[in-house]
Structures are given as C-alpha cells and as structure tokens.
1. Counting alpha carbon pairs within less than 8 Å and at least 6 residues apart, what relative contact order, in whole percent, applies to the range 150-230?
2. Largest first and to the nearest Å, give the Cα extent of the chain along each principal axis.
3. Over the range 1-96, what portion of Cα pair distances is larger than 21 Å, expressed as a whole percent?
4. Under a point-charge model restricted to the Cβ atoms of Lys and Arg (+1) and Asp and Glu (-1), what is the dipole moment magnitude of the range 45-121 relative to its Cα centre, in debye to the nearest 20?
5. By counting other Cβ atoms within 10 Å of each Cβ, how are Met150, Met179 ranked from fewest to most?
6. Taking the beta-carbon count within 10 Å as an exposure proxy, list Ile271, Ile164 from fewest neighbours to most.
7. So how do Val238, Val182, Val329 line up by other beta-carbon neighbours within 10 Å, fewest first?
8. Taking the Cα centre of the range 8-250 as the origin and placing charges on Cβ (Lys, Arg +1; Asp, Glu -1), which of Gly12, Thr181, Leu65 is farthest toward the positive end of the dipole?
Amino acid sequence: MKKLTRQISIGGVVVGGGAPCSVQSMCSTDTRDETATLAQINSLAGAGCEIVRCAVPDMDAAETLGRIKSVSPIPVIADIHFDYKLALKVLEGGIDGLRLNPGNIGEQWKVEEVVRAARERQVPIRIGVNAGSLEKELLVKYGHPTAQAMVDSALGHVRILEDIGYDQIKISLKASDVMKTVAAYRLLSDAVDYPLHIGITEAGTIFSGTIKSSVGLGILLAEGIGDTMRVSLTGDPVDEVRVGFEILKALGIRQRGINFVSCPTCGRCQIDLITVAQEVERRLQTVDAPVTVAVMGCVVNGPGEAREADFGIAGGRGEGLLFRHGEIVRKVPERELADALVEEVMNSVKKD
Ligand code: SF4
C-alpha cells in the first residue's frame with residue numbers, strides 16, 4: 001500500500017498524494033553547454049524520463065539553464081549548493097524545482113529570499129541529504145553517518161523551511177550503502193508526510209548500480225515509500241531511466257514499454273536464442289506501449305509463455321513458432337525469427 005504523502009507539482013508532474021512514482025534522471029553534461037544538455041534532455045525524455053535535474057555550479061550555468069528550461073520537453077530541477085544567488089537566478093529563469101539544502105545557504109535572510117521567490121512561483125524545494133556530507137555536529141553525535149543521523153540532518157533542513165512557512169518540500173536521503181539507505185527512508189517516512197525522492201547514490205556502474213538500485217528501491221517501493229526515484233549509474237543517464245522503469249514494472253507500479261520475457265536457454269534449445277532475444281529487445285526499446293513479448297527456446301515451456309504473452313516465439317529445430325495473443329500465427333525459419341516477432345509487435349503498436 002503506497003504511503004499517502006502530501007502532493008506537490010513539479011512543472012505539472014504531480015508528485016505524492018497517491019500519484020505513481022515518477023522516474024527522474026540527472027544530466028551528465030556541462031549545463032553551460034546548452035546544445036549538449038538539451039540533446040541529453042531530449043534523449044532522456046524519449047526514454048520516458050519525467051523530470052530531469054541539472055547541476056548549477058555558477059552563474060553561467062544558471063543563465064543557460066533558463067534557456068534550456070524554456071524549450072525542455074520535461075520539467076527541469078536546478079541542483080544548487082551554497083549560493084543563494086544561483087537559486088534566485090534559476091527561479092527568475094522559470095525553473096520547475098530546486099534541489100537545495102537551506103542549511104547550507106548561510107544567513108537566514110538569504111534562505112528567506114530564495115523561499116520568497118520560490119513561493120511566488122510555487123516551485124518546490126527538494127532537500128537532499130547525502131551520507132557523505134553530513135553536518136559535523138551530527139557526525140560527532142552519532143560517530144558516523146548513521147540512518148538516524150541522515151534523518152536528523154533532513155529534519156533540520158525541513159525545519160528551516162517550515163519556520164518560514166514553506167511546505168512545498170520533497171526530501172531525499174542518499175547513501176551508497178543499500179540497507180542504510182533503506183533504514184533511513186523508513187525512519188523518515190514515519191517522521192514526515194512530505195513526498196520522498198528515493199535513490200541509492202554512487203551505486204556504481206550499469207551492472208552493480210542496477211543491482212543495488214533494484215534491491216534498495218525495490219524494498220522501499222514495495223513498502224509504499226517513494227514518490228519520485230532516480231537510479232544513479234556511472235554511465236549514460238538514459239540507462240538510469242530504463243532501469244527505473246524496469247524496477248517499477250517488476251513491482252507492477254507502472255506499465256511502460258515492453259515487458260520482456262526470455263528463457264535462460266538450456267540443453268533443449270536448438271536455435272541461437274540469445275542473439276534473437278538481444279536483437280528483439282534492442283529493436284523494441286523505443287516502444288512505449290505496455291506489451292508483453294516472450295522469446296523462448298523450446299517447446300517445453302516455450303509455447304506456454306509465448307501464449308501468455310501478447311506476442312512470442314518458441315524455438316524448435318532451426319525454426320520457431322510465432323504466437324500472437326495466444327494463437328500460433330505460423331512457423332518461421334530461425335534466421336527470420338527476430339524480424340517476424342518485431343514486425344508483429346510493431347504492426348500491433350501502430351494500429352493502437
Ligand atoms: S524454454 Fe526450453 S530451452 Fe528455454 S530454458 Fe526452458 S526448457 Fe530450456
């Protein structure tokens with residue numbers, strides 16, 4: 001059961017209040033490079049990314065981000081540390097969200113100025129606590145960055161905003177340790193009803209990062225925690241979005257694109273199934289419609305899975321059976337299996 005959090009809107013994307021978890025990513029480009037950043041945002045949006053974050057290290061980046069935001073197909077969040085002037089600049093430029101920790105901004109009047117400008121435009125602020133940069137007092141109190149220390153840090157930042165009457169807040173608590181992150185979000189979820197952005201930070205490369213994120217975010221989402229999510233990967237951010245949707249699809253929270261079923265192959269398989277499966281998955285990557293596609297190696301489990309799927313193939317000796325909605329369409333020679341299956345799927349998607 002999804003935990004009911006307060007609802008906010010990030011550039012029109014509804015977050016919290018029972019809305020399904022949205023998939024976010026972050027540009028890896030230099031924000032000052034307008035062309036490269038926009039190209040990456042367009043690729044991310046094409047993969048289904050719903051909200052994108054960009055780093056704002058200086059005033060040049062803040063100015064460029066205004067232009068980027070004005071043509072971005074998805075809402076843009078500015079990631080700001082320490083300098084309140086950068087926050088004011090991106091707010092002026094029409095940014096959809098801020099990621100900023102009020103406790104790191106300095107004097108109270110600076111925070112108040114940022115909040116005043118954010119309030120005028122109804123721009124939410126995400127407080128993002130990272131285990132690697134906790135306040136010294138908390139490290140002294142707890143000895144090291146524990147889950148509770150992370151929560152205390154977040155609540156400290158939240159109080160600063162609440163004291164000036166601002167509640168358009170989202171919170172994240174990230175650590176590279178999966179179970180510490182899970183523990184921290186559980187504590188935070190019990191303590192507040194603000195929407196939560198979940199992620200395992202510095203999770204690693206595509207291989208290890210996908211596993212850590214799937215485990216950590218999977219546990220949280222299954223417990224109903226998480227209103228937006230980001231899978232952090234050392235790699236192309238488009239993969240972050242793909243992995244994000246796969247996690248949500250596996251949990252039955254969102255449906256988008258191909259639900260791909262394929263067998264691991266065994267001694268019964270008499271076609272080059274791995275090549276066929278990889279090719280089919282790659283060629284169907286751009287399909288948005290929720291369609292289940294099965295690529296199975298033989299007639300033992302193959303026909304059953306292929307029948308249950310919207311479309312499927314079950315391998316035989318040098319050929320395979322093509323299925324459409326549970327019915328056998330025809331026998332197809334091995335070398336044409338991938339083409340035949342992709343064509344079936346594409347024809348059905350075009351008709352819808
Ligand atoms: S579907 Fe057939 S080939 Fe694939 S793993 Fe199962 S028994 Fe083996």
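1. About 31 percent, as a whole number.
2. In descending order, the Cα extents are 74, 43, 31 Å.
3. Cα-Cα pairs in the range 1-96 separated by more than 21 Å: 33 percent.
4. With only Lys, Arg, Asp and Glu charged at Cβ, the dipole is about 160 debye.
5. Least crowded to most crowded, the residues run Met179, Met150.
6. So the ranking, lowest neighbour count to highest, is Ile164, Ile271.
7. Listed from fewest to most nearby Cβ atoms, that is Val329, Val238, Val182.
8. Going by the charge dipole, the pick is Thr181.
We did not get these values from a lab; they are worked out from the coordinates using the rules stated. Being a predicted model, the structure only gives us computed values, none of them experimental. Note: ideal-geometry Cβ built from the backbone for every residue, glycine included; neighbour counts use all protein chains shown.
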